[in-house]
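What follows is a short report on a single structure.
The values are calculated or read from the model by the stated rules, or taken from the named source; none is laboratory data. Remember, it's a predicted structure, so these values are computed and weren't measured experimentally. Counting neighbours? That spans all protein chains shown, and the Cβs are built from the backbone with ideal geometry, glycine included. Accessible surface is based on the protein model in full, side chains and every heavy atom, while ligands, DNA and RNA are left aside. Shrake-Rupley method; radii C 1.70, N 1.55, O 1.52, S 1.80 Å.
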Amino acid sequence: HRHTDITDEHEQVVYHAQTKFPSLHDKTDVLDASGNRVAHIERKLLTLHERHFVTMENGTSFQISNELFHIVRDITNIEGLGWQLRGNIAALNFELYDEREQVIAVISQKFLSLHDKYCVDIYQPEHEQAVVAILVTLQHMIKDREARSSSFSSSSSSSSGSN
């Protein structure tokens, strides 16, 4: 299992993410500070997009899929909620918009941090748990992309040998 803590501005743990690793579908549970499950996340294998399924404990479910082939900005659709995450995966800065184009949250990575720390400003607090589930999923998508990139660069460098 891999554990991630999500803290508030006072460094108090508010949520935990637990990933069953290794697993076929990269299953993650998001729990509140009391240990109650808030969301369950599973990665869909064998698709053209990065696609994750999220089931909230309140019964809401949605899919997160990344649109491929965007050069400058990444666009991640939150299907089932009508939301969209827009940003730059290289700079780790994102804005989450609802179907009315209202900002729900702004997510950015803290610089000068020893861990993967993100700063999240939530402008629609009624969506906090869904935002946390999206953030955990986004972190998985970034790690998957980094792993693919490093395996591609190591396989391409190892195949360029000399005669």
Exercise for the section: Take Ser65 and decide whether it is at pLDDT below 85, of a type in the set (Gly, Ala, Ser), assigned to a strand (DSSP E or B) and open to solvent by less than 40 Å² (accessible area, probe 1.4 Å). Expected result: yes
Fill in the blank from the handout: Scanning the range 84-108 for residues that are open to solvent by 10 Å² or more (accessible area, probe 1.4 Å), closer than 14 Å to Leu138 by Cα and not in a loop (DSSP other than H, G, I, E, B) gives Gln84, Arg86, Asn88, Asn93, Glu95, Val106, Ser108
Exercise for the section: Could you tell me whether Ile75 is assigned to a loop (DSSP other than H, G, I, E, B), of a type in the set (Val, Ile, Thr) and at pLDDT below 90? Expected result: no
Practice task
Please enumerate the residues belonging to the range 1-27 that are modelled with pLDDT of 85 or more, polar (S, T, N, Q) and either under 21 Å from Cys119 (Cβ atoms) or surrounded by fewer than 17 Cβ atoms within 10 Å (Cβ to Cβ) (or both).
Solution key: Thr4, Thr7, Gln12, Gln18
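State whether the residues of the range 32-43 include one that is at pLDDT 90 or above, closer than 22 Å to Gln109 by Cβ and not hydrophobic (A, V, I, L, M, F, W, C). Break it down into steps so the answer makes sense when it comes.
Step one: filter the range 32-43 for residues at pLDDT 90 or above, giving 32-42.
Restricting the remaining residues to those that are closer than 22 Å to Gln109 by Cβ gives 39, 41.
Among the residues that remain, those that are also not hydrophobic (A, V, I, L, M, F, W, C) are: none.
Within the range 32-43, none of the residues are at pLDDT 90 or above, closer than 22 Å to Gln109 by Cβ and not hydrophobic (A, V, I, L, M, F, W, C).
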Exercise for the section: Could you give me the residue pairs with C-beta distances under 8 Å whose first residue belongs to the range 92-107 and is in contact (Cβ under 8 Å) with a residue 40 or more places away in the chain, whose second residue is in a strand (DSSP E or B) and of a type in the set (Lys, Arg) wherever it lies, and which are 6+ apart or on separate chains? Expected result: Phe94/Arg86
